[in-house]
């Protein structure tokens, strides 16, 4: 393989850092100005993101004119330890360029929308400050020139999203959701940190170029460990199995947050990480298989649960889980499919943001109600929202000639190129996922906008103001057209990152896959139409076990409880029996397990000097004995 | 043996300790000579000036490396001025200035946190009476004595000097722990516990020293190191000696299983004294550990490597797990300080590769923890500190400024980027990797992930819970506590965003004499 190197940044590209500084500056102004900025603060947020988008376009243009399509900018040295030198460096290359455009472009539209959506909210200024903070952190994540900087952004987006979910309202559900997101992300962060230290330990660097060039010499075990650690990090951030539960809960945050963070940008950071580390993932077929399995499993998981949910935002959230599963599947397949994953990510950024904002518009009209069983017949009342939502719907189910057709179909086709029985299984899962996607999205669409009205009595639906519908229309157009327009130019654009690849031949030809997918999609959509065109019950009825299971998140929560919570509660109550303390059931999952052992261990802390002295003495005896043992061997 | 027996003393090298020591005695005279009403400003000014003077003396000594006492041209091991010693002395000086300001706080609660007459029986009528009086100002000379001991501890080049330094830093601290004005019984209990266990640990130290003397025929660290290679004495003496000395030093450093005094003493002692212990004593204890293991025991590293690794793992995991269920903020910080001792032990085990990063970690942690305790001393239920975490619920509503500051400190302790907690851990772990300690680094990362839970819970509590109707008040800090908090937070953020300058300094200062 060719040596990977990045050219130093020159000209306009040496101002890449301004891209991050702009939203950060906006956040600083909003936070420091305090209440004085309540009246005009949101415009600061909108302006800085808009300016960042303009700059990103300029940088994109400069990059396109470059020979080697990369620009690295070393700002300053953060840490220098022995032979390890870690710079605050930024890398602007085709991959980070498309992410910057997505973040600032879609981010700008969502910012504008939020001005209207949050108009009556007393916390609007703070909301925009956190929103800007998030954008800055996300830009650090994708612009980082080494894993260290990526990690800084990685933690930054986690923190900002946590602020945005939990700090939003003083309601327990939001607090719990924020906590869950944070805890899951901590687990994932351990993966990231360990991966970094493993790189430092074996390669002595965390620079992209250094790691990628040295990766080939790593032992199989090391490259396997490295790949799995990075995969764990990516799964946590992107809500992939087995970390999927936090993402739907995060919908407790305001809708623009769901659109920007939990659909278009942050949750795709895992896909970015894998795509960026494509050299490492391509090294080891076992790691690739792991990514493919995670992707295929999650895309099915998400689409099955999505079929059974009644909350408009939760259906969209599970749909996000499932769509990111497609992206994982693509980047796991490797080779030419890396670019397919990124293209689907970009298209998804448009249509999912549009769908979320559309759902926000619906909620706006329906007094913040989210239950699709109580919607229906809204298409007359909100024509613009209806039209744009329809665009998103067509894009996600992937009918020709809309976005999903150009971005999801190739992934399904690529899945069939995997060798042996794996190709059939993975391809079949992707195909089934497409049918399920068509089913749940059609169900959502029909129940919300068509059929009889099932509104609660006090609602008077109305179309949202222009400041909200404007971005919706733009995103709607983007949803419809983005896939078709981007597919081949973006593949070409990303070639410097992923290398040249020739189309592989699979079990089925591309035409066969297209036909199969179209049939599956039409069947799924038609089934939903037939079942739900006359509305549905206003409250869920008792149902057969598959539906019950899907309503219960396919047992995701139950597994959480069974595996982590119950044993730790048992442990905790055992320790209660021992020391008579009261367990107040602090938190679920892992932390309760730790809490249980913590309480048990604390019984050692009696408060008596004599027992402390005994502890010191026994410690000393152990130390002496251990030294003897080491010596006599 | 030698031709000349002339003793030359490098007074400049001795100056940091001498300045503080003399100021401590001057402080005692102030107690006798200055009228009561004016003692506080005089004592504070004296202490700050002395510590600042000591810091200047440290800076002037920069790049010096050698023994302070020379007999006929040969350096004696007793006091050694070298890079790590100077850096740690400087760190101790700066952190003690901040701690002294916190000790001097008299505005947040009338008369401050220290008892006026420690001899009065707790909760007696006289005790109730004296609660209205201003606290005693003897705390400042006591602190200066302790600081002298710490400075000596990190530059002591033989075990005997080190023992004197150990007692010198410990005895005033035992006293300081028992001087709380409120909840005096808990405070006195803490002081007694600390004293008894400290004495116990000292006994281990002396016994270990005797063993090592028997093995090496000297108490000089360099001599012991030499003997580790060449001595003909039974090595059993060496092993017992190493184990005993390690136990005593690990006791001061609060490593598991020698940590049990920590939560009780941290909780019982007046908060400014706790801050002094968590920041400065930590620096001194690890300074001593670094020197003993790098210059005295590096030749027997193979022998103690395993057991110290086990202790480091137990300390990291134990401290983090203990911290999870704490309901008292001071106990939480105590257990967090235990876990941090575990991370610092990685630096000790990694020996020469990680000396600089361990020192950086000590400085970064010191600033953060001192500011955290300063905030703890500001949140009060009436006159008493509201240390139970439930009382902190909804602090963000009533006192957003304080809550923001405390959130930053918690995130720093949890090791999030943009704070010194992250850069310190990252550089320490990176250095440990260069010494091939991957296993310890993995445990460290996992432990810090566990430790993030309790910090997060505090943050959630501050912002997301409704405050109780009788929520504690935050007394807006006087210039004293305000400076402490501001300095701590500023250092936490600066070392988090641009730690380069300090990392350069520790890099240059990371070589012990006689290694």
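Points to keep in mind about this one:
- For the stretch B:237-272 and the stretch A:244-284, distance of Cα centres in Å: 45
- Tail fraction, Cα-Cα pairs, the stretch B:1-94, threshold 20 Å, whole percent: 47
- Counting Cβ atoms of other protein chains within 10 Å of each residue's Cβ and taking the mean over peptide B:302-308 gives 4.
- Considering only the protein assembly as shown, percent of DSSP beta bridges that pair antiparallel, nearest 5: 95
- Direction-averaged projected area, Cα convex hull, the protein assembly as shown: 47.7 nm², rounded to one decimal.
- Residue A:529/residue A:10 FRET efficiency (R0 45 Å; Cβ-Cβ; nearest 0.05): 0.20
- Residue mean of other protein chain beta carbons inside 10 Å, B:426-436: 6
- Per-residue ellipticity at 222 nm from helix content only, as computed over chain A with -39500 (n - 2.57) for each DSSP H run of at least four residues, stands at -23000 deg cm²/dmol.
- The modelled label-to-label distance between residue A:77 and residue B:310, using points 7 Å beyond Cα along the C-beta direction, is 4.1 nm.
- Remark: the residue B:59-residue B:390 segment gains 114.7 nm on full extension, using 0.36 nm per residue and subtracting the alpha carbon distance.
- Shape call, chain A: gyration tensor on alpha carbons, a/c limit 1.5: rounded
- Rounded to 10°, Cα long-axis angle of helix B:301-324 versus longest principal axis of chain B: 10
- Fewest-first ordering of A:458, A:68, A:371 by other beta carbons within 10 Å of each residue's beta carbon gives A:458, A:68, A:371.
- Expressed as a fraction of 2.2 N^0.38 Å, the value expected for a compact globular protein of N residues, the C-alpha radius of gyration of the stretch A:288-551 is 1.01.
- Helix B:159-177 axis versus longest C-alpha principal axis of chain B: approximately 10°, rounded to the nearest ten.
- If you plug the beta carbon distance of residue A:617 and residue B:45 into 1/(1 + (r/R0)^6) with R0 = 51 Å, you get a FRET efficiency near 0.65.
- Between residue B:327 and residue A:387, the simple spin-label model (points 7 angstrom out along Cα→Cβ) gives 6.1 nm.
- Our analysis of chain B gives Rg over Rh at 0.96, with the two radii drawn from alpha carbon positions and Rh computed by the Kirkwood formula.
- Span from the the stretch B:451-510 Cα centroid across to the the stretch A:394-461 one, whole angstrom: 48
- Burial ordering of A:294, A:315, A:515, fewest other beta-carbon atoms within 10 Å first: A:515, A:294, A:315
- Calculated FRET value between residue A:628 and residue B:442, using beta carbons and R₀ = 41 Å, to 0.05: 0.90
- Convex hull volume per residue, computed on the Cα atoms of the stretch B:182-334, equals 96 Å³.
- Relative to its Kirkwood radius, the Cα radius of gyration of the stretch B:248-301 gives an Rg/Rh of 1.08.
- Note on A:67-80: average number of Cβ atoms from other chains within 10 Å of each residue's Cβ is 3.
- Helix-only arithmetic for chain B: the sum of -39500 (n - 2.57) across DSSP H runs with n ≥ 4, divided by the residue total, places the mean residue ellipticity at 222 nm at -23000 deg cm²/dmol.
- When each of B:259, A:120 is scored by the number of other beta-carbon atoms lying within 10 Å, the sequence from fewest to most is A:120, B:259.
Coordinate-derived values only; no laboratory data. Remember, it's a predicted structure, so these values are computed and weren't measured experimentally. Don't worry about glycine lacking a Cβ; one is built from the backbone with ideal geometry, like all the others, and counts go over all protein chains shown.
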